[in-house]
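The values are calculated or read from the model by the stated rules, or taken from the named source; none is laboratory data. Worth saying up front: this structure is predicted, and the values here are computed from it rather than measured. Cβ atoms come from the backbone with ideal geometry, glycine included; neighbour counts cover every protein chain shown. Side chains included, ligands, DNA and RNA excluded: accessible areas come from the protein's heavy atoms. Shrake-Rupley method; radii C 1.70, N 1.55, O 1.52, S 1.80 Å.
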Amino acid sequence: MGLKSVQVPQPEFSNWVIQRRQELNLSPACFRSKVEGKLSERTLKYLEDGKKNSFSEYTLMILAKNLDFNYVDLIEVIEQLNHKPPVLNKIRRSKLLAYFLTAASVLFLMLLLNSNFYNNKDQLADVQIHNQYPYILVAFDGQGNKLWQRNASTRIAKVAKTDLDKDGNIEVLAATGKLQVEDSEKKSGYILFWDEKGHLIVEHNLWKPSIYPAKEPRASVSDFKIIDLEKDGVLEIVVAVHGEQYYPSRIAMLHFRESRFEEVKSYWNPGYVLQLFIEDVNNDSLPEIICSCVNNDFKRVPEFGLYDNVHAIFMLKGTEIYGQAPPYLGNEQIGSEVWYHYVTPPSSDEGSKIVDLRFMGEKEKLIYIKLQDMCFFYLDHSGNMVDTFQGDECEWKTALHRVPKGKIWK
């Protein structure tokens, strides 16, 4: 048995769909989000523009389900909109319900056989970095067919699908790092933003003059996250960006407004950021930013007795991002970090490198830190050492040190 088309009166039917959506307090964007992957953007447009006078039973089934409506009752609504008398007696309703259940079973089997059967072939479903050319971005539909590709002119560090302005339309965000190609266009350290069809909306250069003595000519992005960091309904882009030679680095927070990116917050670190995590560690519904990094400036302070750069880990509140990391050697702005720890021995000893960060627990979480020499540390939200563990390869010469908050060194 196949799934037939159902004639609908227009614009009465589309007006009913809009009214029902509004009764459920569903904006167009929210409704698109509910049916994502089930109905194409084109079908959603047809449902509300009053120009298409027939829809497949599959479309009406999905529509009814996501409007909290019974499919049989939806068919009766369509008949009433057609100015036909409501003649659905109990027997007919039972037959129609049986027909609906049979059709739904067939549909379910079809979906099992091919989960992409109903995907619109022109709808963007995935974006990837080319597996041979790291400066090429490729977009695919739900069946794996290539829709378009774009040349970023330098290495793409990361790419993601998103809806930054929450208008229901898919966009593609990519960040670029350094590419060792002599003749490539120099666009390292850029955020590039395309619409679903591959049209470039805007590009944003993340380089800005360093607050440290070393002045890098360009920036390079190592990672980014897209999240409502301040829980105000506005998505932020949190970016880990460093100088071309890895010194210095910073965590930048961007907003997308009026078709452009605006940097609103920044935290500097005298070395490069290795890993970027965003996690609600203390279960207060406001996420924190946790980073592993390298710090190049502790060796400049005799009090620490260090001869090389060190690996470090720090945490910022998502709502407080400003200043710079310790040590503070002059009139720089003291940073907003909740805590800052560094690892000894220095980073020239590869055993002290932070190779893994995880978050353990259901509510208030422990921060699990694994070093390359199999030494483990566990910190709570406040940065206090809760536990340690020595693996088989750990000689226990490694130590984790907390930096005094706000202290100024000469």
Response to the item:
D284 passes all but one of the listed conditions (1) without any contact (Cβ under 8 Å) to a residue 24 or more places away in the chain; (2) touching a Pro at 6+ places or on another chain (Cβ under 9 Å); the exception is number (2)
Discussion item. Take K208 and tell me if it is assigned to a loop (DSSP other than H, G, I, E, B) and modelled with pLDDT of 90 or more.
Written reply: no
Worksheet, complete the sentence: A careful count of residues in the stretch 10-30 that are crowded, with 17+ Cβ neighbours inside 10 Å and out of contact with any Asp or Glu (no Cβ under 7 Å at 6 or more places or on another chain) gives 5
Fill in: Flag if L329 is within 30 Å of L254 (Cβ to Cβ) and over 33 Å from the mean Cα position of the chain (by Cα)
yes
Worksheet item: Only one of (1) more than 29 Å from the chain's Cα centre (by Cα); (2) modelled with pLDDT under 85; (3) within 23 Å of F277 (Cβ to Cβ) is not met by A399, so which one is it?
Response: (2)
Worksheet item: If you scan the stretch 223-251, which residues turn out to be at pLDDT below 90 and either of a type in the set (S, T, Y) or under 11 Å from the mean Cα position of the chain (by Cα) (or both)?
Response: Y246, Y247
Worksheet item: For the stretch 340-361, how many residues meet the condition of being open to solvent by less than 40 Å² (accessible area, probe 1.4 Å) and within 25 Å of the chain's Cα centre (by Cα)?
Response: 3
Response to the item:
Residue set K370, K353, K365; condition under 30 Å from E395 (Cα atoms), among the basic types (K, R) and touching a residue at least 60 places away in the same chain (Cβ under 8 Å); output residue K365
Discussion item. For the list (1) modelled with pLDDT under 90; (2) assigned to a loop (DSSP other than H, G, I, E, B); (3) open to solvent by less than 30 Å² (accessible area, probe 1.4 Å), I need the number of the one condition that G198 fails.
Written reply: (1)
Worksheet item: So which residues in the stretch 270-291 are of a type in the set (A, V, I, L, M, F, W, C) and under 17 Å from H341 (Cβ atoms), if there are any at all?
Response: V273, L274, L276, F277, V281, I289, I290, C291
Practice prompt. Considering only residues that are hydroxyl-bearing (S, T, Y) and over 14 Å from V6 (Cβ atoms), look in the stretch 31-85 and name the one that is surrounded by the fewest Cβ atoms within 10 Å (Cβ to Cβ).
Written response: S33
Worksheet item: Can you find a residue in the stretch 142-151 that is more than 30 Å from E57 (Cβ to Cβ), of a type in the set (F, W, Y) and at pLDDT below 90?
Response: no
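Here is a yes/no grid of residues against (1) open to solvent by 50 Å² or more (accessible area, probe 1.4 Å); (2) not aliphatic (A, V, I, L, M):
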position	(1), (2)
I251	no, no
E258	yes, yes
E263	yes, yes
S266	no, yes
N269	no, yes
V273	no, no
V294	no, no
F304	no, yes
L316	no, no
Worksheet item: Does the stretch 133-153 contain at least one residue that is open to solvent by 10 Å² or more (accessible area, probe 1.4 Å), of a type in the set (F, W, Y), assigned to a loop (DSSP other than H, G, I, E, B) and free of Cβ contacts under 8 Å to residues at least 60 places away in the same chain?
Response: yes
Item to complete: Mind listing whichever residues of the stretch 160-169 are touching a strand residue (DSSP E or B) at 6+ places or on another chain (Cβ under 7 Å) and open to solvent by less than 30 Å² (accessible area, probe 1.4 Å)?
Response: A160, T162, L164
